[in-house]
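Inspection log for the structure reproduced underneath, given as structure tokens.
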């Protein structure tokens, strides 16, 4: 039983860590990684682009933080701030998975220069 006590609460550098805090911190890290992905994709394309991984990190990070705020913290501000943009992230993922080809010429990728 003492080995499971580690899962209940741990102190790291004076910070109390427990499973729910790890969920919340993981959500913040994943959510923050989306900006790194967008920056790298834009540098490679030499223009501003939003890669598919941006929407995946947005949705996953929001879901993790939403569970932390809703289930553990019961913080209405945290719930609202993570839940409000979630439909946009999920809708963009839906478009990515269901729409394979552009429907009109204006959406075609630009030819290589």
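Bear in mind that the values in this text are calculations on the coordinates, not laboratory data. Computed from a predicted structure; not experimentally measured. Cβ atoms come from the backbone with ideal geometry, glycine included; neighbour counts cover every protein chain shown.
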How far, in nm, would the chain grow between residue 112 and residue 39 when pulled straight, counting 0.36 nm per residue and subtracting the alpha carbon separation? 24.2 nm
Footprinting exposure proxy for 98, 82, 10 (fewest neighbouring C-beta atoms within 10 Å first): 98, 10, 82
Give me the extension gain from residue 72 to residue 26: residue separation times 0.36 nm, minus the current Cα-Cα distance, reported in nm with one decimal. 15.1 nm
Residue 98 versus residue 84: modelled label distance in nm, points set 7 Å from Cα along the beta carbon direction: 2.6
Rg/Rh ratio calculated on Cα atoms of the stretch 19-97 (Kirkwood radius): 1.04
